Amino acid sequence: MATNGVYSELCGLKREAATLSSVAHLLGWDQETYMPKGGTAARAEQSSVMAGLIHERETSARLGELIAACEEDKDVQADGDRAANVREMRRDYDKATKLPGELVRELANTGSRAQDAWKAARKANDFKAFEPWLTKMVDLSRTKAECYGIPDGGELYDALMDDYEADARAKDIEAVFTPLREKLSALVAELLENGTAPDPGPRKVRVPQAQQHAFGLRVIEQMGFDLKAGRLDTTTHPFCEGIAPGDTRLTTRYDDDYFMGALYGTMHEAGHGVYEQGLPKVGADGEPSDVYGTPLADSRSLGIHESQSRGWENFVGRGRAFWQWAKPIADEHFGPEFAKYSVDEVYRSANVVERSFIRVESDEATYNLHVMLRFGLERAMIAGDLAIKDLPGEWNERFKDMLGVEVPDDARGCLQDVHWSFGLMGYFPTYTLGNLYAAQFFEAIRAETPDLDDRIATGDMSAVLDWSRKHIHDLGRRYTAAEMCEKATGKALSPEPLLRHLEGKLKPVYGV
Ligand code: ZN
């Protein structure tokens, strides 16, 4: 593509900022994986200095001048890709310049320490120890939201959510979540009260960590995750970090008595990973591409990101066809205790529905209920309607309302997730948006490839990867999430495909 001087100078500045960001991400990854505990205070300072430097770059006056010049430039505006790139840069710039550097540094510094406090509090099941840190992070988040300003027709919480899902509004999300919650609660009740639960035998087979790790690597390679441009490590809270072009890091956690937790966690993160690897960050020559560091090489939104992870985890990994391919390989890794079960028994046990406490280990039917709980609570904390000290009680009460069981302790209640400790407020709803997108995308994939299950049963997962590359990964932030969904599936986002998927799969498994 022909570039003029202003546009290429702009992309050069964005690339430098992205390179600084990649260093900060590497520090974050290291903190979560290998850093000794003694490094905590220094790492907080490192993170804070990096956040300040990145913020300076992202808000520089020169960047603003170049964006304005490109908005006036007829050649740039006549080129759809470049015009979209400038539109997204304007969006980021306007947001970044609304935040004072001091606040950005404080969020990073306090967030890093609060995350450490959260880890200790969760381990000790001690909410009181975390409460002052959460209070600080909620206050800082509210300050951040006030700097952004309340968007048209929205509320303070929306300003935070916008960082993860551009233009999303809590009231619109609530309008989708409320009927979905009712239908999901009814489905869960029907399955558990009228159905027959599958034999949980296969999921309870004890598998040593080393075997789980070897099998996990085999599965993610089959998905198309490139291990020459990525790696898989262990951590407390699994995540994926697209650190730099050619360097995407996944983490998972292992429990010898629950291999499916790690397997589906690994597939989930690898779903994020294939998206990161599929974004046009690397050129044909293996060097960072021309658009690296600009929105065209960036993931669209967290909801879209989550559609990729949940898609692989649930629509592929929890399907019968996946186990037709994976079972003989798992038998070799897991041994005779596992091998004695049939493909169908393993498939059914991968779809047990339970009223359980931990979101990341929950099944497809209850998962969104866990998300809706957090959405309601964080929205209330940001609005100032819920005092931090009342969080555990409110969590437990709402949990009982929604899932019908008593939360035994805060470690399995409001202390289970890392997000709030480092200021990720407004992030949770993107998980359910991701499930909704995933369901709609998989209906489109199946329409294009009617023999999808036959192919997956032989280990050929290319139809999923190719469709995702073409309709999602290649596009970066070229379109809004709503446009992307409409172009890829011909329809606006709707909860119906997810409900069709869950009912279509789980009712036969439970015989109702
Ligand atoms: Zn995820």
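Looking at residue 81 and the list (1) of a type in the set (Asp, Glu); (2) under 24 Å from the mean Cα position of the chain (by Cα); (3) farther than 30 Å from residue 411 by Cα, which single condition is not satisfied?
Checking residue 81 against (1) of a type in the set (Asp, Glu); (2) under 24 Å from the mean Cα position of the chain (by Cα); (3) farther than 30 Å from residue 411 by Cα, the one that fails is (2).
Consider residue 236 against the criteria (1) open to solvent by 50 Å² or more (accessible area, probe 1.4 Å); (2) more than 16 Å from the ligand (Cβ to nearest atom): it satisfies all of them except one. Which criterion is unmet?
(2)
Looking at (1) away from the ligand (no atom under 16 Å from the Cβ); (2) open to solvent by 40 Å² or more (accessible area, probe 1.4 Å); (3) at pLDDT 95 or above; (4) part of a loop (DSSP other than H, G, I, E, B), which is the only condition residue 443 fails?
Failed condition: (4).
Kindly establish whether residue 245 is open to solvent by less than 40 Å² (accessible area, probe 1.4 Å) and away from the ligand (no atom under 16 Å from the Cβ).
Here the answer is yes, as residue 245 does meet what is asked.
Given the criterion open to solvent by less than 60 Å² (accessible area, probe 1.4 Å) and outside any helix (DSSP H, G or I), identify the matching residue among 129, 108, 145, 168.
One residue alone meets the criteria, 168.
Quick check on residue 225: is it within 28 Å of residue 35 (Cα to Cα) and over 20 Å from the mean Cα position of the chain (by Cα)?
no
Restricting attention to helices (runs of 4 or more DSSP H) lying wholly within the stretch 258-356, give those where 1 or more residues are open to solvent by 20 Å² or more (accessible area, probe 1.4 Å) and within 16 Å of the ligand (Cβ to nearest atom).
Passing ranges, in order: 259-278, 302-310.
Take residue 360 and decide whether it is open to solvent by 10 Å² or more (accessible area, probe 1.4 Å), out of contact with any Cys (no Cβ under 8 Å at 6 or more places or on another chain), farther than 30 Å from residue 83 by Cβ and β-branched (Val, Ile, Thr).
For residue 360, the condition - open to solvent by 10 Å² or more (accessible area, probe 1.4 Å), out of contact with any Cys (no Cβ under 8 Å at 6 or more places or on another chain), farther than 30 Å from residue 83 by Cβ and β-branched (Val, Ile, Thr) - is met.
Just checking, which of 427, 367 is within 15 Å of the ligand (Cβ to nearest atom) and assigned to a loop (DSSP other than H, G, I, E, B)?
427
For the stretch 2-20, which residues satisfy the criterion of being open to solvent by 30 Å² or more (accessible area, probe 1.4 Å) and either in contact with a helix residue (DSSP H, G or I) (Cβ under 7 Å, 6 or more places away or on another chain) or of a type in the set (Ser, Thr, Tyr) (or both)?
3, 4, 6, 8, 9, 13, 16, 19, 20, listed by residue number.
Taking the stated definitions as given, is residue 230 within 16 Å of the chain's Cα centre (by Cα) and within 16 Å of the ligand (Cβ to nearest atom)?
Judged against the criteria, residue 230 is not a match.
Let me confirm something: among 48, 22, which residue is modelled with pLDDT under 95, assigned to a helix (DSSP H, G or I) and hydroxyl-bearing (Ser, Thr, Tyr)?
48 is the lone residue from the list that is modelled with pLDDT under 95, assigned to a helix (DSSP H, G or I) and hydroxyl-bearing (Ser, Thr, Tyr).
Could you grab me the full set of residues in the stretch 80-111 that are touching a Phe, Trp or Tyr at 6+ places or on another chain (Cβ under 7 Å) and among the small types (Gly, Ala, Ser)?
111
Can we say residue 229 is small (Gly, Ala, Ser) and in contact with a helix residue (DSSP H, G or I) (Cβ under 7 Å, 6 or more places away or on another chain)?
Yes; evaluated as a whole, the condition is true for this residue.
Going through the stretch 370-385 one residue at a time, which ones are open to solvent by less than 20 Å² (accessible area, probe 1.4 Å) and either outside any helix (DSSP H, G or I) or among the aliphatic types (A, V, I, L, M) (or both)?
Within the stretch 370-385, 371, 372, 373, 377, 380, 381, 382 qualify.
If residue 466 passes every condition in (1) outside any helix (DSSP H, G or I); (2) surrounded by fewer than 16 Cβ atoms within 10 Å (Cβ to Cβ) but one, which one does it miss?
(1)
Can you tell me which residue within the stretch 476-503, out of those that are open to solvent by 50 Å² or more (accessible area, probe 1.4 Å) and part of a helix (DSSP H, G or I), is modelled with the lowest pLDDT?
Among those that are open to solvent by 50 Å² or more (accessible area, probe 1.4 Å) and part of a helix (DSSP H, G or I), it is 482.
Those residues that are free of Cβ contacts under 8 Å to residues at least 40 places away in the same chain, of a type in the set (D, E, K, R) and in a helix (DSSP H, G or I), I need them from the stretch 175-232; list them, please.
Once the filter is applied, which keeps residues that are free of Cβ contacts under 8 Å to residues at least 40 places away in the same chain, of a type in the set (D, E, K, R) and in a helix (DSSP H, G or I), the stretch 175-232 yields 182, 193, 221, 228.
Taking the stretch 395-421, which residues are of a type in the set (Asp, Glu), surrounded by 18 or more Cβ atoms within 10 Å (Cβ to Cβ) and part of a helix (DSSP H, G or I)?
410 - this is the single residue of the stretch 395-421 that is of a type in the set (Asp, Glu), surrounded by 18 or more Cβ atoms within 10 Å (Cβ to Cβ) and part of a helix (DSSP H, G or I).
The values are calculated or read from the model by the stated rules, or taken from the named source; none is laboratory data. Remember, predicted model here, so these are calculated numbers, not experimental data. Heads up, the Cβs are rebuilt from the backbone with ideal geometry, glycines too, and the neighbour counts pull from every protein chain shown. Note: accessible area is taken over every heavy atom of the protein model, side chains too, but ligands, DNA and RNA are not part of it. Shrake-Rupley method; radii C 1.70, N 1.55, O 1.52, S 1.80 Å.
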